[in-house]
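**Q** Following this message is one structure expressed as structure tokens.
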Amino acid sequence: MRLHVADAPAEIYLKLENLQPIGSFKIRGAYNAARRAKDVSAGLVTASAGNMAQGVAWAARELGVPCTVIAPDHAPAAKTDAIERLGGRVIKIPFAEWWTVIEESRYEGVDGVFLHPVENEDVIAGNGTIGLEILEDLPDPDAILVPWGGGGLFMGIASAVKALRPETKVYGCEIETAAPLNATLEAGELQEIDYQTSFVDGAGAKALLPKMWSLAQPLLNGAYVASLDETAAAIRLMAERARVIAEGAGALAPAAALSGRAGGGKIVCIVSGGNIDFSKLTTILEGKTP
């Protein structure tokens, strides 16, 4: 969908994954991975701040099996409540412990097939359908901006797009409080950063997953960092101009495009999700940054 802003530095298009049944793109990879798993009778397990968890919970409900979600203790209520409405069980743990679950792909004492939110190849393939749909609707984008959390969304989109239209550039977008991709690109080697929580809860981490970095590096044309104020302003602008409700991570790409840092031409911004707490949305619509 075209975002009409008279003084925009580029021709900006929005890929509205916030309109998915669970409010985010995560349903694509989660459902694909769940359907392709060999035996899910013991249930499905994932580690997620919310959106991947909703995708796995949706898939588990469709398959008639239990779902357990390991979530960081800062996960927003809007997302954990949605997980529980879908029938999932949420276990909240401190962020450092949660990151260990991400690294080890398991949580002691919980049975079921663990669907990694990022590194699972079937999850990445499901995410890749976004890239196919972009080129189906807009065959000649100059660039695609993708929010970067763990890299699974970027990998899926970039691998599909580069296979069909290699001249299209694909960039990662991070928030200033959690930008290990930009730190790694600047240093030329993997970097661990001082991760800070913010209202942008669906993207960012303290470090890149080495496997995802090695996969994404050949496809990555660069990365951008958006400030908290720029991200809040992008949420506000999309709500006012396009009646689109985006969460923090879903506004990173539009924030980068609107800033002019991504250049001109036809730029597609992935609005990855719209699961934002109403209290935070209200604050943003009032012109403030949570």
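The values are calculated or read from the model by the stated rules, or taken from the named source; none is laboratory data. Bear in mind the structure is a predicted one, so any value in this text is a computation, not a measurement. Using ideal geometry, Cβ is built from the backbone for each residue, glycine included, and neighbour counts are taken over all protein chains shown. Ligands, DNA and RNA are stripped out before the accessible areas are found, and what is left, the full protein with its side chains, is counted by its heavy atoms. Shrake-Rupley method; radii C 1.70, N 1.55, O 1.52, S 1.80 Å.
**Q** Quickly run through the stretch 251-289 and pick out the residues that are under 21 Å from Ile27 (Cβ atoms), small (Gly, Ala, Ser) and in contact with a Cys (Cβ under 7 Å, 6 or more places away or on another chain).
**A** Ala253
**Q** Also: Residue check: is Lys288 open to solvent by 40 Å² or more (accessible area, probe 1.4 Å), among the basic types (Lys, Arg), in contact (Cβ under 8 Å) with a residue 24 or more places away in the chain and part of a loop (DSSP other than H, G, I, E, B)?
**A** Values: open to solvent by 40 Å² or more (accessible area, probe 1.4 Å): yes; among the basic types (Lys, Arg): yes; in contact (Cβ under 8 Å) with a residue 24 or more places away in the chain: yes; part of a loop (DSSP other than H, G, I, E, B): yes.
When the stated conditions are applied, Lys288 passes them.
**Q** Can you go through Gly202, Gly222, Gly188 and tell me which one is of a type outside the set (Lys, Arg) and closer than 30 Å to Thr283 by Cα? Write out each step before concluding.
**A** Numbers: Gly222 fails: closer than 30 Å to Thr283 by Cα; Gly188 fails: closer than 30 Å to Thr283 by Cα.
Going through Gly202, Gly222, Gly188 in turn, just one is of a type outside the set (Lys, Arg) and closer than 30 Å to Thr283 by Cα: Gly202.
**Q** When you check Val65 against the structure, is it assigned to a loop (DSSP other than H, G, I, E, B), open to solvent by 10 Å² or more (accessible area, probe 1.4 Å) and farther than 18 Å from Pro147 by Cα, yes or no? Steps first, please.
**A** Values: assigned to a loop (DSSP other than H, G, I, E, B): yes; open to solvent by 10 Å² or more (accessible area, probe 1.4 Å): yes; farther than 18 Å from Pro147 by Cα: yes.
Yes.
**Q** Going through the stretch 73-95 one residue at a time, which ones are surrounded by fewer than 15 Cβ atoms within 10 Å (Cβ to Cβ) and in contact (Cβ under 8 Å) with a residue 40 or more places away in the chain?
**A** If the condition is that a residue be surrounded by fewer than 15 Cβ atoms within 10 Å (Cβ to Cβ) and in contact (Cβ under 8 Å) with a residue 40 or more places away in the chain, then His74, Ala77 are the ones that fit.
**Q** Still on this structure, I have one more. Identify the residue in the stretch 240-259 that is assigned to a loop (DSSP other than H, G, I, E, B) and touching a residue at least 60 places away in the same chain (Cβ under 8 Å) and, among all such residues, is nearest to Leu228 (Cα to Cα). Full working, then the answer.
**A** Filtering the stretch 240-259 for residues assigned to a loop (DSSP other than H, G, I, E, B) gives 243-248.
This time we only want the ones that are touching a residue at least 60 places away in the same chain (Cβ under 8 Å), so: 244-248.
On the way: Val244: 19, Ile245: 17, Ala246: 14, Glu247: 12, Gly248: 9 Å.
Taking the candidates together, the pick is Gly248.
**Q** Looking only at the stretch 10-35, how many residues end up being open to solvent by less than 20 Å² (accessible area, probe 1.4 Å) and assigned to a strand (DSSP E or B)?
**A** Within the stretch 10-35, residues that are open to solvent by less than 20 Å² (accessible area, probe 1.4 Å) and assigned to a strand (DSSP E or B) number 3.
**Q** Moving on to the next point. Output the residues belonging to the stretch 192-202 that are in a loop (DSSP other than H, G, I, E, B), in contact with a helix residue (DSSP H, G or I) (Cβ under 8 Å, 6 or more places away or on another chain) and open to solvent by 60 Å² or more (accessible area, probe 1.4 Å). Explain how you work it out, then say what you get.
**A** Start the filter on the stretch 192-202 by keeping residues that are in a loop (DSSP other than H, G, I, E, B), which leaves 193-202.
So of that shortlist, the ones also in contact with a helix residue (DSSP H, G or I) (Cβ under 8 Å, 6 or more places away or on another chain) come out as 193, 195, 197-202.
Within the stretch 192-202, Thr197 is the sole residue that qualifies.
**Q** Being open to solvent by less than 40 Å² (accessible area, probe 1.4 Å) and within 20 Å of the chain's Cα centre (by Cα) is the filter here; which residues of the stretch 96-113 pass it?
**A** Across the stretch 96-113, the qualifying residues are Trp98, Trp99, Val101, Ile102.
**Q** Moving to a separate point now. Checking Leu3 against (1) in contact with a Lys or Arg (Cβ under 8 Å, 6 or more places away or on another chain); (2) closer than 17 Å to Pro147 by Cβ; (3) without any contact (Cβ under 8 Å) to a residue 60 or more places away in the chain: exactly one of these is not met. Which one?
**A** (3)
**Q** Among Ala178, Ala163, Ala205, which is more than 15 Å from the chain's Cα centre (by Cα) and either open to solvent by less than 40 Å² (accessible area, probe 1.4 Å) or more than 16 Å from Gly248 (Cβ to Cβ) (or both)?
**A** Step by step, each of Ala178, Ala163, Ala205 is checked, and only Ala163 is more than 15 Å from the chain's Cα centre (by Cα) and either open to solvent by less than 40 Å² (accessible area, probe 1.4 Å) or more than 16 Å from Gly248 (Cβ to Cβ) (or both).
**Q** Can you say whether Leu185 is farther than 25 Å from Lys15 by Cα and among the hydrophobic types (A, V, I, L, M, F, W, C), as far as the supplied structure shows?
**A** yes
**Q** For the list (1) farther than 28 Å from Pro166 by Cα; (2) touching a helix residue (DSSP H, G or I) at 6+ places or on another chain (Cβ under 7 Å); (3) at pLDDT 95 or above; (4) surrounded by fewer than 24 Cβ atoms within 10 Å (Cβ to Cβ), I need the number of the one condition that Thr282 fails.
**A** (2)
**Q** Which one is nearest to the chain's Cα centre (by Cα), of the residues in the stretch 36-62 that are within 20 Å of Ile245 (Cβ to Cβ) and open to solvent by 10 Å² or more (accessible area, probe 1.4 Å)?
**A** Just the residues of the stretch 36-62 that are within 20 Å of Ile245 (Cβ to Cβ), to begin with: 49-55, 58.
Then drop every residue that is not open to solvent by 10 Å² or more (accessible area, probe 1.4 Å), which leaves 49, 51, 58.
Working: Ala49: 11, Asn51: 8, Trp58: 17 Å.
Selected residue: Asn51.
**Q** Of all residues in the stretch 260-282, how many are touching a residue at least 40 places away in the same chain (Cβ under 8 Å) and assigned to a helix (DSSP H, G or I)? Working first, answer last.
**A** Our first condition is that a residue be touching a residue at least 40 places away in the same chain (Cβ under 8 Å); within the stretch 260-282, this holds for 260, 262-278, 280-281.
Applying the additional criterion that residues be assigned to a helix (DSSP H, G or I) yields 278, 280-281.
The number of residues fulfilling the criteria is 3.
**Q** Here's a follow-up. Give me the pairs, please: first residue somewhere in the stretch 135-148 and under 23 Å from Gly274 (Cα atoms), second residue anywhere and open to solvent by less than 10 Å² (accessible area, probe 1.4 Å) and at pLDDT below 95, beta-carbon distance under 6 Å, and either six or more positions apart or on two chains.
**A** Note: pairs meeting the criteria are Pro147/Ala203.
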